[in-house]
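Each value in this text was obtained by applying a stated rule to the coordinates, not by laboratory testing. Just so we're clear, the structure is a prediction, and the values are computed from it rather than from any experiment. So basically every Cβ, Gly included, is an ideal-geometry build from the backbone, and we count neighbours across all protein chains shown.
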Amino acid sequence: MIIVSGIQPTGSLHLGNYLGAIRNWVLMQDALKPGDRAWFFIADMHAITLFQDPAELTQSTREIAAALMAAGIDPAKSVLWNQSQVMEHAELAWVLSCTARIGWLNRMTQFKEKSGKDREGASVGLYTYPVLQAADVLLYKATHVPVGDDQKQHLELARDIAQKFNTDFGRELFPLPEPTIPPSSPRVRSLRDGSAKMSKSDPSDQSRINLTDSEDEIRNKLKRAKTDPEPLPTAVEGLENRPEARNLVEIYATLAGTGLAEVLGEFGGQGFGAFKPALADLVVAKLAPMNARYRELLANPAAIDAALAEGAEQARAVARETMREVRDAVGFLGR
Ligand code: TYM
């Protein structure tokens with residue numbers, strides 16, 4: 001079992017990233033057999049598919065690293081680095097862009113969402129983004145990729161690319177990576193709009209709970225979270241067509257480690273005036289220790305940079321080995 005996953009360093013880590021992915025990274029890391037390691041990276045090369053202010057990119061890379069460590073990613077058990085320090089990601093992405101088909105990329109919904117109406121004006125990198133993502137996991141021969149539900153399509157593409165590469169060159173070089181999305185991982189929605197996912201790129205900070213928010217900010221955001229006027233239902237079916245209510249109940253259930261039915265067993269029939277403060281207590285209690293640790297880590301940026309450089313060195317050793325096999329498979333002369 002080789003676990004690989006990544007996160008972009010744009011904006012801060014929010015509850016959607018945490019409940020959808022990072023919490024599972026930590027659970028999978030902690031369940032590893034001694035000697036096995038998981039591979040987690042900060043996707044700074046993906047980040048620049050949309051323009052990033054250079055100084056901000058450097059700083060948010062550090063912040064995401066600190067947030068991941070505060071959330072429980074332990075550099076003694078997991079390899080943690082930023083993608084751009086290991087140039088083999090770009091090298092493999094080129095080779096795989098000759099394996100992937102234009103028709104496959106044309107189906108990617110994220111490109112359609114992110115390029116919006118101005119498709120001609122989007123960067124080429126935004127279009128080939130999923131090929132780099134395939135390279136990220138295949139470089140380490142990932143078998144399991146813990147991601148949120150929104151990344152499933154990209155992982156299916158990575159499987160198609162791996163399969164075609166293996167077939168084209170007649171060797172089982174890449175295992176087919178499996179997206180690991182535990183059923184208990186919700187797609188966390190925006191607090192302002194139950195039809196949108198909670199996202200770093202939403203211009204309204206009120207739409208998300210950041211792992212770095214203060215207790216007051218968390219309480220205020222939840223108090224103002226959009227809901228409907230009905231009380232909470234007493235059964236799960238009652239959440240149908242109530243996306244905002246469902247979102248808050250899912251957040252509660254995931255953080256409390258119970259199911260939707262249990263949460264509704266406790267709060268069904270009550271209004272949001274009663275439920276929201278209980279949810280805020282739970283969110284604050286879960287995030288406070290992470291928040292404190294995050295601030296401690298961020299006070300020492302040199303230590304973060306050193307941890308990422310150390311992780312990059314370990315990643316590079318494996319990446320070089322895979323690229324040797326890839327070059328040999330493709331027939332590139334030399335090295
Ligand atoms: P990114 O940076 O958008 O998000 C990181 C992880 O958080 C999950 N996630 C969510 N889960 C549930 N609800 C939400 N509202 C929510 N928002 C984000 C994402 O599914 C993801 O698992 N393309 C990737 C980064 C990447 C990557 C990779 C991931 C680059 N290379 C290779 C896996 C393997 C992305 O932009 O994730």
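Can you give the extra length, in nm with one decimal, that the chain gains between Ser115 and Gln59 once fully stretched, where that is 0.36 nm per residue apart less the Cα-Cα distance?
Full extension of this stretch gives 17.6 nm more.
Just want the ordering: Ile42, Ile102, Ile7, from fewest to most Cβ atoms lying within 10 Å of their own Cβ.
Listing Ile42, Ile102, Ile7 from fewest to most nearby Cβ atoms yields Ile102, Ile7, Ile42.
Going by how many other Cβ atoms sit within 10 Å of their own, how do Met290, Met198 line up, fewest first?
Going from least to most buried by this count: Met290, Met198.
Can you give the calculated 222 nm mean residue ellipticity of the chain, where each DSSP H run of n ≥ 4 adds -39,500 (n - 2.57) and the sum is split over every residue, rounded to the nearest 500 deg cm²/dmol?
-16500 deg cm²/dmol
Restrict the search to the stretch 175-273; then list the GluC sites (Glu not before Pro) that DSSP places in a loop and that have at most 10 other Cβ atoms within 10 Å of their Cβ.
Answer in residue order: Glu240.
Around Leu139, which amide H atoms from residues at least 5 apart in sequence, or from another chain, sit under 5 Å from its own amide H, with H modelled in the peptide plane?
Under 5 Å from the amide H of Leu139 lies no amide H from a residue far enough along the sequence or on another chain.
For the stretch 99-148 and the stretch 283-335, what is the centre-to-centre distance using only Cα atoms, to the nearest Å?
21 Å
Rounded, prolate or oblate: which fits the stretch 127-191, taking a ≥ b ≥ c as square roots of the Cα gyration tensor eigenvalues, rounded meaning a/c under 1.5, else prolate when a/b beats b/c?
Taking the square roots of the gyration eigenvalues as a ≥ b ≥ c, the stretch 127-191 is prolate.
Starting from the Cα gyration tensor of the stretch 28-93, take the square roots of the eigenvalues, sort them a ≥ b ≥ c, and report rounded, prolate or oblate (rounded when a/c is under 1.5, otherwise prolate if a/b is larger than b/c, else oblate).
oblate
Please say if the chain is rounded, prolate or oblate, where rounded means a/c under 1.5 for a ≥ b ≥ c the square roots of the C-alpha gyration tensor eigenvalues, and otherwise the choice is prolate for a/b larger than b/c and oblate otherwise?
Taking the square roots of the gyration eigenvalues as a ≥ b ≥ c, the chain is prolate.
Take Thr167, Thr10, Thr61 and order them by how many other Cβ atoms sit within 10 Å, fewest up front.
Thr167, Thr10, Thr61
What does the charge count near Leu57 come to, summing +1 for each Lys or Arg and -1 for each Asp or Glu among other residues with Cβ under 15 Å from its Cβ?
Summing Lys/Arg as +1 and Asp/Glu as -1 gives -3.
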